[in-house]
Amino acid sequence: MIAVFVILYLVSMIAHLYNLLAEGKLPAWVGIGPLVAGFVLQTVMFGYSGLTGQSRGLGVWLSAAAWILALLYLVAYARYREMALGGFALPAIFVLAGYSAALPGAWGSGSQAMQGFLLKSHAFLALLSAASFFLLFAAALMYVAQAHQLKSRRPGAWLRRLPSLDVLDDLNHKILYFGFAFLTASLLLGSMWAQSEHGAFWSLDPLKTLPLILTWLGYGLLLVCRLTRSWKGMRSAFFSMGAFVAVLFALAVHL
Amino acid sequence: MPIILAGVSHHRTPLEVRERLFFAPDAMPEWLDRLGRYNGLEERLILSTCNRVEVYSSAESFEAGVDAIRSFLSEAREVAAETLRRHLYVLRDEEAMRHLFLVASSLDSMVVGEPQILGQVKEAYRLAQENGHAGKNLASLFARAFQVAKKVRERTAIGEAPVSVSSAAVDLAKKIFGGMEGRTVLLLGAGEMAELAARHLAAQGASAILVANRTLARAQELAQALGGRAVDYQNITAELAAADIVIASTGAPHIVLDRGRVASALELRRDRPMFLIDIAVPRDVDPGVNELENVYLYDIDDLQSVVSANLKGREKEAEQGRLIVEEELRSFLRRRKAEELSRTFAAIRVQAEAFRERELTKTLNRLPGLDEKERQALEAMTRAIVNKLLHHPFAHLREMAAEQADEKTIEFVQRLFGLEPGAIELPPPGPDDKA
């Protein structure tokens, strides 16, 4: 059962990568169809294991991350009809889902139970924001690559495979909104949980808190600059790629 | 019934000959009627474009059909028989079908992948069909050709990359700005190629077209033609900042847009990208402008190199397309063969049934004393003999048809059973004759 959606994600990944890297001309449904099927299946599995109280441990969170990425990419696809983003999203989805399925006892009972609604929502939103920032990174990377193609005045095959600068910049903008909102909400819930648990809004472990603050400040600054100084294009793309380093750092210390 | 193709195309025949053989589309029904008055052609269709003139036909006899087409072309277009002999290519059956599939898929075109040819083939077929010149042979052949063309277009990128300078510019603009809706285009100078590119962009939805030219009258004239607005050539700072796309084509002997001017326009644009197309020789835009962030500058050489790269890319896609054509051709030939075989089987059965009934009636008339049961037994016996006799050859032929039977084999079978080759029309294939 678990393996089935991992395989569906694998099929979708192959289709996306084939179109992106090998200039394939597969119709969109070949990539999107298995993804939707895998996503629905995984959703059902989450619902089932949630009801029977089986969902615990690291595996579940990795699996949730895959599910969230799939959801975000499907939303972006519905809006922009660009499969190129999937060339980045699907490998991540497949690796996360596959690794979580391979973990022993991923769907059984685990010891590291996340207790309480606050903590669970905090972690869920944190995953949402991390997934958003990953897609933001991918969009920014594609922007830089496409801009480079155009700038070179001798554009090659990538010109055709990647979306237009306009779409990529718009994608960058929209994902930034959502990712930042998720991150902010996650941090608020996290500090509320810390308050209820430890009696303080903020635990004082700098190793754990500093990357979060950096991430929030980084994307916050980018958002402010986009809104007030109408940052666009290359500058914004490079900045979003740089800020993703903070996200990786934050993920590393929290997992 | 052989399919015949006779024609000339840009590959081997110079324009002087092609233009003499050209048939104007308005008069096509009359030309087809005239061709129909030549004996020996069952069905006929004329495909006439600037690059090719081809007659597709099905005929009782290949030689007589070719003669009819030759006489028609030479008499109708007053072309010497000698000229025709030198230029006309004549293809039959499989070769003719392959040629049509390649033509319809734009793999035989001068600019491979150009989209017009399929429409022209469809139009030629429509004219032949509506005027009663295309029967079932051409119908199934052309229906398949349209399918093949669609498949080639869908499965390869043959028609995707643009192969003219102005459409390459529009294509690049789309890769920068996505859609053209709401974009502003500024023309510096009013050259012909600039006008063409501007028309393309306007057709894609560019909302404002500004024209700046040294002589204001020409700017106004062009602006009116494009539905845009003429602006002052000496003072275009504000317009430059508003322009997403600039097409420069002035006759000025020096740089018109230097780095400083573009940089200050960018300042006002706040990071919004700008696409500068410099098609002037000598160049209008300082090449250093391309180093500025969010600016994409293409001169005429750049655009031409994009075009030639795209042409090379099309060649690569064309190879893929030819493979698809071969695959489709084989499947079409297999289907035709199976259909021909089914028709042959059905005709043999009809003939055998006729013999059986005739002989049975004769016998029954000679034996008036038989009762109903005995008559039925005789009837059943004759039926069984016919079926048993035909069973083995049919089964064997079906096996052969799946592998190597060609038209010759089928003709041989028809002769063997005393049927006239190629003349089998009756009856439609029966349910048990599906090969």
Response to the item:
Candidate cut points under trypsin sites (Lys or Arg not before Pro) in segment A:212-255, DSSP loop plus at most 12 other Cβ atoms within 10 Å of their own Cβ, are A:Arg229
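To the nearest whole number, what is the average tally of beta carbon atoms from other chains within 10 Å of the beta carbons of peptide A:226-235?
On the way: counts 1, 0, 0, 2, 4, 2, 6, 6, 4, 3.
Mean number of neighbouring Cβ atoms from other chains: 3.
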Worksheet item: With the dipole of the protein assembly as shown worked out from charges on the C-beta (+1 for Lys and Arg, -1 for Asp and Glu) around the Cα centre, which of A:Gly98, A:Leu118, B:Gly40 lies farthest toward the positive end?
Response: A:Leu118
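About the Cα centre of segment B:138-200, what is the dipole size in debye to 20, counting +1 per Lys and Arg Cβ and -1 per Asp and Glu Cβ, all else neutral?
Numbers: 9 positive and 6 negative charges, 86 e Å.
Taking the Cα centre of segment B:138-200 as origin, the dipole is about 420 debye.
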Practice prompt. Bin width 5 Å, alpha-carbon pairs only: give the P(r) of segment B:11-124 as whole percents, running from 0 to the bin holding the largest distance.
Written response: 2, 11, 22, 25, 23, 13, 3, 0
Discussion item. Could you give each residue of segment B:136-143 its phi-based ³J(HN,Hα) in whole Hz, using Karplus coefficients 6.51, -1.76, 1.60 with θ = phi - 60°, and x for Gly or Pro?
Written reply: 6, 5, 5, 4, 5, 5, 6, 4
Worksheet item: How many angstrom separate the Cα center of segment B:100-147 from the Cα center of segment A:132-199?
Response: 48 Å
Worksheet item: Mean residue ellipticity at 222 nm from the helices of chain B, using -39,500 (n - 2.57) per DSSP H segment of n ≥ 4 over the full residue count, to the nearest 500 deg cm²/dmol?
Response: -19000 deg cm²/dmol
Worksheet item: So for the protein assembly as shown, Kirkwood radius off the Cα pairs, Stokes-Einstein at 25 °C and 0.890 mPa s: how many µm² s⁻¹?
Response: 78 µm²/s
Worksheet entry | At 1.306 mPa s and 10 °C, Stokes D of chain A from Kirkwood alpha-carbon radius, µm² per second | 83 µm²/s
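For B:Cys50, A:Cys225, which order do you get if you count the other beta carbons within 10 Å of each Cβ and list the fewest first? Each step should come with its number before you reach the end.
Values: B:Cys50 13, A:Cys225 16.
Listed from fewest to most nearby Cβ atoms, that is B:Cys50, A:Cys225.
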Worksheet item: Got a sec? Charge dipole of segment A:114-255, +1 on Cβ for Lys and Arg, -1 for Asp and Glu; which of A:Ala138, A:Gly190, A:Leu176 is way out at the positive end?
Response: A:Ala138
Discussion item. Which of B:Ala134, B:Ala149, B:Ala197 ends up with the largest GNM mean-square fluctuation for chain B, with Cα atoms connected below 10 Å?
Written reply: B:Ala197
Worksheet, complete the sentence: Least to most buried among B:Asp108, A:Asp169, by other C-beta atoms within 10 Å and fewest first, runs B:Asp108, A:Asp169
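Can you give me the relative contact order of chain A as a percent, contacts being Cα pairs under 8 Å and 6 or more apart? Don't jump to the answer; show the numbers that get you there.
Numbers: 314 pairs, mean separation 48.8, N = 255.
Computed over chain A, the figure is 19 percent.
Which whole number gives the average, over all residues in B:165-178, of C-beta atoms from other chains lying within 10 Å of the residue C-beta?
Working: counts 0, 0, 0, 1, 0, 0, 3, 6, 1, 2, 12, 6, 4, 9.
So the per-residue partner count for this stretch is 3.
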Worksheet entry | Inter-site label distance for A:Trp158 and A:Trp29 at 7 Å from Cα along Cβ, in nm | 3.3 nm
Response to the item:
The relative contact order of chain B, taking Cα pairs under 8 Å that sit 6 or more residues apart, comes to a percentage of 12 percent
Fill in: Amide H within-cut-off set for B:Ile3, under 5 Å, with H built and near neighbours excluded
B:Asp93
Worksheet item: Among B:Thr344, B:Thr363, B:Thr250, whose mean-square fluctuation peaks in a Gaussian network model of chain B (Cα, cutoff 10 Å)?
Response: B:Thr363
Worksheet item: Using unit Cβ charges (K, R positive; D, E negative) and no other charged atoms, how large, in debye to the nearest 20, is the dipole of segment B:3-160 about its Cα centre?
Response: 360 debye
Discussion item. Only counting other Cβ atoms within 10 Å, I'd like B:Arg314, A:Arg161, B:Arg330 sorted with the fewest neighbours first.
Written reply: B:Arg330, A:Arg161, B:Arg314
Worksheet item: Nearest 20 debye, what's the magnitude of the dipole of segment A:110-255 about its Cα centre given +1 on Lys and Arg Cβ and -1 on Asp and Glu Cβ?
Response: 740 debye
Worksheet, complete the sentence: Expressed in angstrom and ordered largest first, the alpha-carbon extents of segment A:143-255 along the principal axes are 61, 28, 19
Worksheet entry | Under-5 Å amide H pairs with B:Leu187, H placed in peptide plane, nonlocal only | B:Leu210, B:Val211, B:Ala212, B:Ile247
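Which whole number in µm²/s is D for chain B by Stokes-Einstein, with the Kirkwood Rh taken over Cα pairs at 37 °C and 0.692 mPa s?
Working: Rh = 26.9 Å.
For the chosen part, D equals 122 µm²/s.
Other chains near A:15-22: what is the mean number of their Cβ atoms within 10 Å of each residue's Cβ? Before the final figure, lay out the partial values.
On the way: counts 0, 0, 0, 0, 0, 0, 0, 0.
Neighbouring Cβ atoms belonging to other protein chains average 0 per residue here.
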Discussion item. Looking only at chain B, where both bridge partners belong to it, what percent of the DSSP beta bridges are antiparallel (to the nearest 5)?
Written reply: 45 percent
Worksheet item: Calculated FRET efficiency, B:Arg126 and B:Thr237, Cβ-Cβ r, R0 60 Å, to nearest 0.05?
Response: 0.60
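Classify segment B:217-256 as rounded, prolate or oblate from the Cα gyration tensor: take a ≥ b ≥ c as the square roots of its eigenvalues, call it rounded if a/c is under 1.5, otherwise prolate when a/b beats b/c and oblate if not.
Details: a/c = 1.70, a/b = 1.20, b/c = 1.42.
In terms of gyration-tensor shape, oblate.
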Discussion item. Principal axis extents for segment B:165-299, Cα atoms only, whole Å, descending order, please.
Written reply: 34, 33, 26
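Between beta-carbons, use under 14 Å as the cut-off and find the net charge around A:Leu72, counting Lys and Arg +1, Asp and Glu -1. Write down the numbers at each step before the final one.
Values: positive: A:Arg79, A:Lys174; negative: A:Glu82.
Local net charge: +1.
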Item to complete: Can you pull the one-decimal nm distance between simple spin-label points at B:Arg335 and A:Val95, each 7 Å off the Cα toward Cβ?
Response: 4.7 nm
Practice prompt. Quick one: which residues, 5 or more positions from B:Leu276 or on another chain, have an amide H under 5 Å from its amide H? H modelled 1.01 Å from N in the peptide plane, none for Pro or chain starts.
Written response: B:Val246, B:Tyr296, B:Leu297, B:Tyr298
Worksheet item: To the nearest Å, what is the center-to-center distance of segment B:352-414 and segment A:1-33, using C-alpha atoms only?
Response: 57 Å
Worksheet entry | Point-to-point label distance, A:Leu221-B:Glu379, nm (Cα→Cβ direction, 7 Å offset) | 10.0 nm
Discussion item. Over segment B:223-347, what portion of Cα pair distances is larger than 23 Å, expressed as a whole percent?
Written reply: 55 percent
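Where a number appears in this text, it was derived from the coordinates with a stated rule and is not lab data. Remember, it's a predicted structure, so these values are computed and weren't measured experimentally. Don't worry about glycine lacking a Cβ; one is built from the backbone with ideal geometry, like all the others, and counts go over all protein chains shown.
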